[in-house]
1. If a residue must be in a strand (DSSP E or B) and exposed (fewer than 15 other Cβ atoms within 10 Å of the Cβ), how many such residues does the stretch 497-540 contain?
2. What's the number of the condition L517 fails, among (1) at pLDDT below 95; (2) touching a helix residue (DSSP H, G or I) at 6+ places or on another chain (Cβ under 9 Å)?
3. Could you tell me which residue of the stretch 584-603 is surrounded by the most Cβ atoms within 10 Å (Cβ to Cβ), considering only residues that are of a type in the set (V, I, T) and closer than 13 Å to R529 by Cα?
4. For residues that are touching a Ser or Thr at 6+ places or on another chain (Cβ under 9 Å) and closer than 11 Å to P283 by Cβ, tally how many sit in the stretch 160-190.
5. In the stretch 499-509, is there at least one residue being modelled with pLDDT of 85 or more and not assigned by TED's automatic domain parsing to the domain that holds A410?
6. I'd like the full set of residues that are basic (K, R) and outside any loop (DSSP other than H, G, I, E, B), limited to the stretch 542-600.
7. Do any helices (runs of 4 or more DSSP H) entirely within the stretch 1-102 hold 2 or more residues that are surrounded by fewer than 19 Cβ atoms within 10 Å (Cβ to Cβ), and if so, which?
8. Only one residue in L480, L462, L522 is in the same structural domain as L593 (by TED's automatic domain parsing) and touching a strand residue (DSSP E or B) at 6+ places or on another chain (Cβ under 8 Å). Which one?
Amino acid sequence: MSSRPAQPWFFDPLLWLTMAIIGGMLMLLSLARYWGYNALMLDLGNMSQAIWSATHGQPLVFTQPTGAYSRLAGHVEFFYFLLAPLYLLWPNPQILLISQALLATAGAIPAYRLALRQLDSRFAARCSALIYLLYPVMQTAVLFDLHGDTLAMPLLLFALDALDRKDWRSYGLWLALALSCKVYVAAPVAGIGAYLWLWGSERRVGLITLFAAVGYGGVVFFGVREWFASPQLEHSAATAYVRHYYSDLHLITESLLPRLLHGMVVFGPLLLLLWRGWRWLLPALPLSAAVLLSTGPGPSYHYAAHHYALVVPFLVMAVLDGAARDQARGLLTGQTWRWRANLGLSTLLVLVMGSLMVDQPLNPRFWQAPPGNGLHHWAYGVMPRDAVTTRFLAQHVPPDVPVVASVNLATRLINRETVHIVRHPDSKYEDHFLKVLDHVDYVVINTLFDWRTNTTYEQKELGYMLQDASFGLVAARDGLVVFERAAPPATHLQQTVRLTTTNPLPAVTHALGPAQLRGVELLPLEGRRFRASFVWQLQGPPPEDDWVAISQLGERSDARIVHLPTYASLPISTWPSETLVWETFEFIVPDDLPAGSYPWHVAWYPTTDPATPFVDVAVATDLVVATLEVR
């Protein structure tokens, strides 16, 4: 550690400017994912629900497939209790995303101060701050929902800055805060202690740090987790954790190359200096190795997840150590420029790698907006349907009631005790939906999944709901549907489908994709409630994949009507040949649709085509079958 007095750091306008630009970008992109319904229940919803529970005096409780669990039985994020007061002021996941982005951005301050103190150079300090702010896995961690390791990342840098200043009280406080973020933060903290014992000048501090981290980690992992674990678990909490992330180690060889490539994204941009400062990689190696060897879902070893956030502080330290060694060597050889060149080039490589590997405005693909990237509505883009969805949920899903919802809708319904998702990727039960259905009063399904390439994602569950007599369909708009338990029959939107082998209809047909339209009728009921009846027949053999029929009123893309009977109750792939399919469904025209006459468009769309125009019905493939008079 350098003993040079720190130069004033807070007068550098470039530091604050870069923090404002990059931090503002990360914050806005995080919020944009939420605004566009792309921040899912896993994981932002789970974290938000847990923090909401803390505002009601509960120990970070959130809903899992088999019931309610405490976060203290899993990753043990005590730090979330400190976020609860913010959530109490604004009970919305957005405050958590904002807080995470601001805290992560603040990590540039200790990165700057460490470089300024150790290398006595504003150029080095600015490079250090830029390396931290632009580092690919730092940015991807911030952009990947809310996680304890992302919150711990800047806290560890503040601790290392305090260590460099020998401010022991601050050092202890920052380490305590970092440890509280997640159970496995104990590993890199123990690594700090090991570094100080092996190579630092503070061996006593190193021993205290090492034993404190190991003791805390052991108590939390084998004590706190077990204390809060559910008695329903088949294994201990520790065993369940290991099985979740390392149960398929025999498959690692099948993904060896991608694991190596992801490792290069994590360490590659700084190799010019890392090899000289390799000692500071010691605290990061156990964790990074554990992630790269993990077989958890995701895959968890992917660089774009949050699991490498805790590596970033030690990459910064290793680079500064490597630059300091280059600087000292340059004084002996007369090549005093070399360390600056290596540090500047490393900063440039970080910028280039981040521009190529992170979905942010410096990446050209961000502006091209291919599916799932950049301004596309599967990523950061916001489309008109998102505003419709927000109003729909607020209008038709009461607060506090237990619900099961589509994974992208559940994030907006988390301020309640019970929030299940329709399909849970971690559930080991094929009948997961039927198990949780007994514990909820509302079911909310997004039938179109405009952000997915496969709209049959929850088709099976939707079909079950249409047949479940204990629930009734009480609201539907633009592919969003709400079922309520024991709803009054008068509020049900009836949905039926039947087959006949007789053919009393005229021979005139209209071909629409895989089906022929043989007849249609629209009947007004009361107010803005209508009943639509369609008669279909296959055109050729049944398709291998399902299609979905969608109707639209005029040019209003937010007034689409999904034909639920032939989508979920009797999908077209199951239709018998030479048989008429009669479907009838009721719907209510939205209040914000002005009175008037609207042409009724109908079309069939494949459910597995990523180019399916679900956002705006393509008029060229539509058929106008009637005119609807709306009063």
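1. 10
2. Evaluating L517 over (1) at pLDDT below 95; (2) touching a helix residue (DSSP H, G or I) at 6+ places or on another chain (Cβ under 9 Å) leaves (2) as the failure.
3. Filtering the stretch 584-603 for residues that are of a type in the set (V, I, T) and closer than 13 Å to R529 by Cα, the one surrounded by the most Cβ atoms within 10 Å (Cβ to Cβ) comes out as V589.
4. Selection size over the stretch 160-190: 2.
5. Yes: the stretch 499-509 contains one or more residues that are modelled with pLDDT of 85 or more and not assigned by TED's automatic domain parsing to the domain that holds A410.
6. Scanning the stretch 542-600 gives a single hit, R560.
7. Fully inside the stretch 1-102 and qualifying: 13-35, 80-89.
8. Testing whether each residue is in the same structural domain as L593 (by TED's automatic domain parsing) and touching a strand residue (DSSP E or B) at 6+ places or on another chain (Cβ under 8 Å) leaves just L522.
The values are calculated or read from the model by the stated rules, or taken from the named source; none is laboratory data. For clarity, every value in this text was computed on a predicted model and none was experimentally measured. Positions of Cβ are generated from backbone atoms using ideal geometry, with glycine treated the same way; all protein chains shown enter the neighbour counts.
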